[in-house]
Amino acid sequence: MEIADKLALNKFSVDTIPHLKIDQEKCHPCPHKNCTLVCPVSNYTQEGDRVVLSWEGCLECGTCRIACDQGSLQWQYPRGGFGIAYRLG
Ligand code: SF4
Ligand code: SF4
């Protein structure tokens, strides 16, 4: 089974309140934009000179939390009852 097929088994209950937030003022001068490279589901994308974050498909793996060394990212788990439910993914 391919990774994409495994990920498709998971179930998401998306919260309306983002559990991840970035500070654009700190992202703008960021020299590496590591978040756009490490997220396994490409939740971070560079659009022009801005990094845009989507939280809906977050795997809650915490990789971006480690990769961002600029103090920009506010990372927390979704509220109870929201987020990913792994199903053999
Ligand atoms: S690594 Fe951190 S500071 Fe750099 S672009 Fe990503 S979220 Fe912003
Ligand atoms: S916690 Fe993992 S899946 Fe979620 S945005 Fe960060 S790197 Fe991507």
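Bear in mind that the values in this text are calculations on the coordinates, not laboratory data. All of these numbers come straight from a predicted model, not from anything done at the bench. We place every Cβ from the backbone using ideal geometry, glycine too, and count neighbours over all the protein chains shown.
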**Complete:** Just one listed residue, out of Leu20, Leu59, Leu88, is in contact (Cβ under 8 Å) with a residue 60 or more places away in the chain and either touching a helix residue (DSSP H, G or I) at 6+ places or on another chain (Cβ under 9 Å) or within 12 Å of ligand 1 (Cβ to nearest atom) (or both), and it is Leu88
**Asked** Between a first residue in segment 65-80 that is among the aromatic types (Phe, Trp, Tyr) and a second residue that is assigned to a strand (DSSP E or B), which pairs have beta carbons less than 8 Å apart while being 6 or more apart in sequence or on different chains?
**Response** Trp75/Leu20; Tyr77/Gly83
